[in-house]
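Participant: This structure is in structure tokens; I'll ask about it shortly.
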Amino acid sequence: MISYEINCDTLALIPVSENETKIIEKEREFIVNVPVFKIIENSCEYFGSSYLGRHEGTKKLIGITHKAPIIIEETNKLIYFPTSSPRLFNCSWIGLNHIKNYQSNNGKTVLSFNNDEKISLDISFGSFDNQVLRATKLESVLRKRINQSN
């Protein structure tokens, strides 16, 4: 099984099937034979925590438990959020700091990344906007804590 860890170039993880994930990076796209959620779990572990630990951290920092954004890695502010329940195989994960803008299109959301790549997601604009706001709140709390400790 091919392993993949989220890194500074990772824009999004999009499920292709229950056991395949399309990785969208700044310069390339490819498919790995690993479920999306497994990549999220492996990436948390790669950076020294567990998904449950990161989820618990989000709960403590901003009080969100349902469809919670998580900090994969603090120093590079790798914050990702799910487009639906993370336990569903069709849940995508989006890197907060790679979003340029997003808009509604026929009940879906068209997302533009900083590198001008665009994807269409099967999520309403309102739901997507809410997920971005939650992730932004998590980033804000993290930034304040880092600044206070410096």
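Participant: Out of Lys67, Lys108, Lys118, Lys77, which single residue is among the basic types (Lys, Arg), touching a Pro at 6+ places or on another chain (Cβ under 9 Å) and closer than 26 Å to Glu29 by Cα?
Facilitator: Step by step, each of Lys67, Lys108, Lys118, Lys77 is checked, and only Lys67 is among the basic types (Lys, Arg), touching a Pro at 6+ places or on another chain (Cβ under 9 Å) and closer than 26 Å to Glu29 by Cα.
Participant: Working carefully through the options Asn115, Asn97, Asn90, find the one that is closer than 22 Å to Tyr4 by Cα, touching a His at 6+ places or on another chain (Cβ under 9 Å) and in contact (Cβ under 8 Å) with a residue 12 or more places away in the chain.
Facilitator: Residue meeting the stated conditions: Asn115.
Participant: Going residue by residue through region 62-82, is there one that turns out to be closer than 16 Å to Leu13 by Cβ, over 10 Å from the mean Cα position of the chain (by Cα) and without any contact (Cβ under 8 Å) to a residue 24 or more places away in the chain?
Facilitator: Looking for residues that are closer than 16 Å to Leu13 by Cβ, over 10 Å from the mean Cα position of the chain (by Cα) and without any contact (Cβ under 8 Å) to a residue 24 or more places away in the chain, one finds none in region 62-82, hence no.
Participant: May I pose another question? In the set Glu41, Glu20, which member is in contact (Cβ under 8 Å) with a residue 12 or more places away in the chain, within 14 Å of Trp93 (Cα to Cα) and among the acidic types (Asp, Glu)? Quick ask: steps written out before the conclusion?
Facilitator: Numbers: Glu41 fails: in contact (Cβ under 8 Å) with a residue 12 or more places away in the chain.
Testing whether each residue is in contact (Cβ under 8 Å) with a residue 12 or more places away in the chain, within 14 Å of Trp93 (Cα to Cα) and among the acidic types (Asp, Glu) leaves just Glu20.
Participant: Going through Gly95, Gly57 one at a time, which residue ends up being within 15 Å of Leu142 (Cβ to Cβ), of a type outside the set (A, V, I, L, M), crowded, with 16+ Cβ neighbours inside 10 Å and in contact with a Leu (Cβ under 8 Å, 6 or more places away or on another chain)?
Facilitator: Gly95
Participant: Please state which of the following conditions Ser84 fails to meet, knowing it meets all the rest: (1) of a type in the set (Ser, Thr, Tyr); (2) part of a loop (DSSP other than H, G, I, E, B); (3) surrounded by fewer than 13 Cβ atoms within 10 Å (Cβ to Cβ).
Facilitator: All conditions are met except number (3).
Participant: I would also like to ask the following. With region 91-150 as the region, which strands (runs of 3 or more DSSP E) entirely inside it contain at least 1 residues that are in contact with a Ser or Thr (Cβ under 9 Å, 6 or more places away or on another chain) and aromatic (Phe, Trp, Tyr)?
Facilitator: Those strands (runs of 3 or more DSSP E) span 93-95, 99-105.
Participant: A further question on this structure: On the basis of being part of a helix (DSSP H, G or I) and modelled with pLDDT of 95 or more, does Cys44 make the cut?
Facilitator: yes
The values are calculated or read from the model by the stated rules, or taken from the named source; none is laboratory data. What you see is a predicted model, and the numbers here were worked out from it, not measured in a lab. Here Cβ is always computed from backbone atoms with ideal geometry, including for glycine, and neighbour counts include all displayed protein chains.
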